[in-house]
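This report refers to the structure that appears directly beneath it.
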There are 2 protein chains.
Amino acid sequence: MIFKEMKKEFSKKELTKKSQNFSRWYQEVILKTELADYAPVKGCMVIRPYGYALWENIQKELDRMIKDLGVKNAYFPLFIPEKFLKKEKEHVQGFSPELAVVTIGGGEELKEKLVVRPTSETIMYAMYAKWIKSWRDLPVLINQWNNIVRWEKRTYLFLRTTEFLWQEGHTAHSSHSEALSMVQSALLNYKNLYQNYLAIFGYSGLKSQSEKFAGALNSFSYEILTPEGKSLQGATSHDLGQNFSKVFNIRFLGPDKKLHWPYQTSWGLSTRSIGALIMVHGDDNGLILPPKISPIQLIILPVWNESAKETITKKAEEIKEKLSNFRVEVDGRDETLGYRINDWEMRGVPLRMELGQKEIKNKVFTLARRDNFEKLEVKEENLIPFLEKTLSEIQDNLYERSRQFTLEHTHEVKDYSEFKEVMRQKKGLARAFWCEDPVCEEKIKEETKASTRCLPLENIDDQLSGKCIYCGKKAKRKWLFGPAY
Amino acid sequence: MIFKEMKKEFSKKELTKKSQNFSRWYQEVILKTELADYAPVKGCMVIRPYGYALWENIQKELDRMIKDLGVKNAYFPLFIPEKFLKKEKEHVQGFSPELAVVTIGGGEELKEKLVVRPTSETIMYAMYAKWIKSWRDLPVLINQWNNIVRWEKRTYLFLRTTEFLWQEGHTAHSSHSEALSMVQSALLNYKNLYQNYLAIFGYSGLKSQSEKFAGALNSFSYEILTPEGKSLQGATSHDLGQNFSKVFNIRFLGPDKKLHWPYQTSWGLSTRSIGALIMVHGDDNGLILPPKISPIQLIILPVWNESAKETITKKAEEIKEKLSNFRVEVDGRDETLGYRINDWEMRGVPLRMELGQKEIKNKVFTLARRDNFEKLEVKEENLIPFLEKTLSEIQDNLYERSRQFTLEHTHEVKDYSEFKEVMRQKKGLARAFWCEDPVCEEKIKEETKASTRCLPLENIDDQLSGKCIYCGKKAKRKWLFGPAY
């Protein structure tokens with residue numbers, strides 16, 4: 001009875017179609033493919049091994065990129081004294097409503113309450129103030145991989161959870177130009193990760209003053225269009241200027257023998273990126289994982305009758321061993337072929353091989369691509385170059401799809417009525433002239449639910465002669481608008 | 001003025017001698033080599049990049065070993081509902097005094113208080129109860145790398161801090177024998193890590209019933225002798241039996257169509273291992289890091305006069321590039337050679353090369369070993385095989401020293417007066433017959449401060465005819481006793 005229920009739970013029919021009910025599909029596909037599960041703590045999730053393997057692959061690539069910038073990993077405390085958080089005025093306003101607070105420790109009421117970190121600027125910069133004395137101590141280039149808590153009212157697996165995992169880079173420099181170059185390098189790393197590994201197109205750009213990080217001079221982000229036509233902030237990189245160095249009294253003696261405040265940056269990417277990955281690529285049949293990030297790149301399904309079971313399983317394991325440069329698994333579970341096909345399709349493995357007596361005899365294998373369901377024949381001797389080529393094609397195809405979808409749903413609008421039409425019909429994003437007055441931005445948001453998502457990097461230096469779609473006043477640059485995820 | 005102070009801070013003279021004041025040396029060497037720093041939160045520390053690089057190297061090796069057992073990584077929530085912790089009676093008693101408790105979330109008093117995880121058995125097993133239905137779902141083999149909070153009254157960098165980092169493996173099996181085999185495999189991994197990577201000798205063995213993990217049937221540990229003659233628990237592996245599966249109602253349908261409780265294990269190793277590393281190998285001049293774990297294996301110090309500065313620095317970088325299979329750094333800081341030598345000596349880098357015009361011309365380099373201060377000449381053309389051999393010798397030498405020290409300070413005692421003498425004189429550990437009655441164990445601890453550390457694995461099956469050193473009753477096995485760190 002229990003086995004039947006399990007099979008039922010996994011059967012393809014049971015998965016809500018992405019095209020019919022996106023939000024339900026999203027939650028179901030995460031639960032059924034065992035990426036994650038709801039935890040028995042409000043707003044928290046458990047990242048299961050299949051989901052965590054995605055995070056490990058993301059970490060591996062991003063950690064390498066971060067270290068290539070000369071940044072080193074470290075670890076700062078989970079708890080932040082409440083008074084630290086209060087030092088930077090905008091920062092505390094931004095985070096106050098989201099805090100989890102420890103008031104009891106070792107059975108006693110604490111004299112000073114401890115906040116569970118919602119981000120680590122304040123605890124880190126208190127240490128930077130201690131460590132940085134001279135220009136010789138700069139730049140300080142530190143990153144940490146850790147867990148973060150922000151008390152969320154409405155949560156959504158991977159995308160918005162009370163606790164999440166991320167990396168946060170925090171650097172200090174002697175000049176603003178050097179800090180700005182770090183802000184851009186970090187942003188470029190995120191773009192590289194999203195485009196070349198997660199196969200997700202997005203817009204890198206400047207956030208408006210009202211959408212920036214609490215306490216920053218300027219924020220930049222990588223904005224991703226979701227299948228629902230919303231804009232998801234995939235990663236952020238902040239120019240903190242001297243805001244924090246002044247309130248934390250970080251000062252260094254320059255070569256000029258005078259004391260200066262360093263310029264700081266912070267930047268982060270979280271497990272939310274896995275949410276983007278699921279949303280952007282998945283289809284009615286389940287996940288589709290980009291080969292460079294997929295925990296399994298090729299799944300081999302032995303197809304046997306009882307007599308040949310041993311030979312076929314052995315051959316499957318042999319093939320797996322020969323393909324040691326790829327991530328290959330053999331699924332020899334005692335389940336029907338149909339069940340196993342559906343299961344791995346739902347789990348989004350890029351390539352599938354069904355291996356039976358015929359294939360072994362003829363030395364010709366048939367591989368099924370997950371992204372376009374194409375079936376491809378390959379001679380055994382050509383398997384390695386074929387896999388290299390095909391996995392790379394799948395990776396490119398997924399990125400190209402994501403790019404096409406985003407471009408098709410990014411509308412150049414010339415006036416406010418067109419703008420409202422795009423938003424009303426949920427057609428996606430709009431590029432429009434805006435005078436950069438926060439009043440217009442606020443009004444647009446009130447009336448259409450669309451906010452400024454970013455000013456794409458390539459448009460920052462524009463000097464066009466346009467008119468703000470809201471107030472009609474002079475505007476030089478076109479911003480990207482859309483409903484925020 | 002500030003520069004002079006900094007130099008002073010780093011000068012060798014300033015480091016307290018390990019041989020004179022161990023505890024002060026330990027703290028100073030950590031702060032001065034920038035392994036870690038005190039955080040502005042009571043009992044917490046900041047792990048700085050040089051210290052975190054050690055943790056990353058430990059993680060890399062241990063993670064590989066854990067995955068080789070078929071165990072996969074995952075992530076479970078930081079917060080545990082208070083009621084979960086209360087389910088296992090011994091478990092809650094063990095951890096109650098050490099808890100940090102969140103009572104406020106999002107500005108509101110929480111209805112149910114949340115405990116910050118002191119270990120994750122309870123939150124994980126609540127999920128296991130949901131996931132495990134049939135024998136086909138077993139074994140469940142999960143590990144997580146995360147942060148842990150235990151409210152400590154007296155803290156000590158790396159060895160006992162309110163927050164620390166670790167890995168915790170948690171498995172569930174259909175039979176007790178399979179679970180026991182996992183307990184032993186995990187313990188063997190720890191032994192492998194300590195002996196072959198951290199170069200630290202220790203005793204693997206069974207804990208007594210009064211020293212076991214709160215909630216386990218049996219615990220095993222790797223016990224390390226500190227230079228002060230105390231025994232430090234370097235890692236633990238627990239046979240949980242069915243204790244937790246019964247209280248969390250984890251049940252599986254067996255092939256016999258009946259419901260069974262699985263057998264569980266948990267095992268962990270923490271950043272405390274870095275504390276052991278510092279203690280065991282360091283000397284009056286500072287750290288000594290084993291080559292396999294050291295963030296830098298060879299430090300090159302260019303020695304220049306102004307005219308040749310460029311050539312020498314270029315050559316140093318060239319050598320570094322040729323040695324890409326090793327972890328090599330060039331220290332071209334504008335400091336005296338003496339200062340740089342002392343600094344890297346204190347930081348424990350296994351090999352040091354001073355590179356000047358003479359060395360470049362003659363193509364013969366001189367390398368200094370950190371472990372025994374030996375100076376070795378090597379022709380440029382032989383550098384790679386020389387490094388391989390010498391780093392391996394240093395690794396072996398450090399382990400051998402640790403082994404010798406431990407064996408010399410482990411005393412076979414035949415009666416209680418000898419035992420008391422060993423403990424009174426702080427000579428180290430004692431191996432002694434004990435009847436295995438907790439009353440004797442308790443009395444010995446009261447009178448000598450020495451507790452049972454473990455029953456070494458090789459002695460578990462002993463059937464000797466001895467007498468308990470305390471009560472004189474029959475005893476079959478010799479236990480290891482010592483003051484617990």
Stokes-Einstein D for segment A:129-199 (4 °C, 1.567 mPa s, Kirkwood Rh from Cα pairs), in µm²/s, comes to 87 µm²/s
Computed over segment A:410-483, the relative contact order (Cα-Cα under 8 Å, seq sep at least six) in percent reads 38 percent
Computed over segment A:410-483, the Cα gyration tensor eigenvalues, each multiplied by 5 and square-rooted, give semi-axes in Å (largest first) of 18, 13, 11
Here, A:D137 and B:Q209, labelled 7 Å along Cα→Cβ, have an inter-label distance in nm of 5.6 nm
With only helices counted (DSSP H, runs n ≥ 4, each -39500 (n - 2.57)), the per-residue ellipticity at 222 nm for chain B, to the nearest 500, works out to -11000 deg cm²/dmol
With bins of 10 Å, the percent of all Cα-Cα pairs of segment A:354-485 per bin from 0 is 11, 30, 17, 12, 13, 11, 5, 0
Each label sits 7 Å from Cα toward the beta-carbon; between B:E108 and B:H176 the label points are separated, in nm, by 4.8 nm
Ranked from fewest to most other Cβ atoms within 10 Å of their own Cβ, A:I47, B:I66, A:I460 fall in the order A:I460, B:I66, A:I47
1/(1 + (r/R0)^6) with r = Cβ-Cβ of B:Q242 and B:N196, R0 = 30 Å, i.e. FRET efficiency to nearest 0.05, evaluates to 0.30
Candidate cut points under trypsin sites (Lys or Arg not before Pro) in segment B:138-243, DSSP loop plus at most 12 other Cβ atoms within 10 Å of their own Cβ, are B:K153, B:R154
In whole Å, largest first, the alpha carbons of the protein assembly as shown cover along the principal axes 95, 81, 64
Over segment B:2-281, the quotient of the Cα radius of gyration and 2.2 N^0.38 Å is 1.10
Output row for A:K320: copy-to-copy label distances, label 7 Å along Cα→C-beta, ascending, in nanometres, one decimal, is 4.3
So the pair-distance distribution of segment B:1-144, from every Cα-Cα distance in 5 Å bins, comes to percents of 2, 7, 10, 11, 13, 14, 12, 10, 8, 6, 4, 1, 1, 0, 0
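With the contact rule set at Cα under 8 Å and sequence spacing of 6 or more, what percent relative contact order holds for chain B?
Computed value for chain B: 14 percent relative contact order.
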Taking alpha-carbon centroids only, segment B:123-166 lies from segment A:115-140 a number of Å equal to 30 Å
Copies of A:S175 compared via label points 7 Å along Cα→Cβ give distances in nm, shortest first, of 7.0
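At a 10 Å Cβ-Cβ cut-off, how would you order A:K320, B:K72, B:K17, fewest neighbours first?
So the residues, fewest neighbours to most, are B:K17, A:K320, B:K72.
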Correct semi-axes for segment B:298-389, from √(5λ) of the alpha-carbon gyration tensor and rounded to whole Å with the largest first, are 18, 17, 12
Counted neighbours (other Cβ, 10 Å), sorted fewest up, put B:H411, B:H281, B:H170 in the order B:H411, B:H281, B:H170
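From other protein chains only, count the Cβ atoms within 10 Å of every residue's Cβ in B:104-115, then give the mean.
Counting other chains' Cβ atoms within 10 Å and averaging over B:104-115 gives 5.
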Scalar couplings 3J(HN,Hα) for segment B:237-242 by Karplus 6.51 cos²θ - 1.76 cosθ + 1.60 (θ = phi - 60°), nearest whole Hz, x for Gly and Pro, are 9, 10, 8, 8, x, 10
Residue-ordered couplings for segment A:54-63, obtained by feeding phi - 60° into the Karplus form 6.51 cos²θ - 1.76 cosθ + 1.60 and rounding to whole Hz (Gly and Pro as x), are 4, 5, 4, 5, 5, 4, 4, 5, 5, 4
So for R0 = 30 Å, FRET eff. of A:D462-A:K67 from the Cβ-Cβ r, to 0.05, ends up at 0.30
At the level of C-alpha centres, the distance separating segment A:236-266 and segment B:336-396, in angstrom, is 38 Å
Restricted to segment A:298-390, the DSSP antiparallel beta bridge percent, nearest 5, is 50 percent
Simple SL model, points at 7 angstrom along Cα→Cβ for A:E421 and A:E90; separation in nm is 3.7 nm
Inter-copy distances for A:E380, label 7 Å out on the Cα-Cβ vector, sorted ascending, nm, one decimal, are 5.2
Mean other chain Cβ within 10 Å across A:249-257 is 1
For segment B:233-279, listing trypsin sites (Lys or Arg not before Pro) in a DSSP loop whose Cβ sees at most 12 other Cβ atoms within 10 Å gives B:K257, B:K258
Residues other than B:R24 with Cβ under 10 Å of its Cβ, Lys/Arg counted +1 and Asp/Glu -1, net out at +1
Here FRET efficiency (C-beta to C-beta, B:A308 to A:T311, R₀ 56 Å, nearest 0.05) is 0.20
Between A:K113 and residues 5 or more places away or on another chain, the pairs with built amide H atoms under 5 Å apart involve A:E82
Extension length gain for A:K60 and A:C471 (0.36 nm per residue less Cα distance), in nm, is 143.2 nm
For chain A, the Kirkwood Rh over every pair of distinct alpha carbons, in Å, works out to 24.9 Å
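The numbers here are math on the coordinates, done by the rules we state, and not lab data. As the structure is a computational prediction, the values presented were derived from the model and not from experiment. Virtual Cβ from ideal backbone geometry, glycine too; neighbours counted across all protein chains shown.
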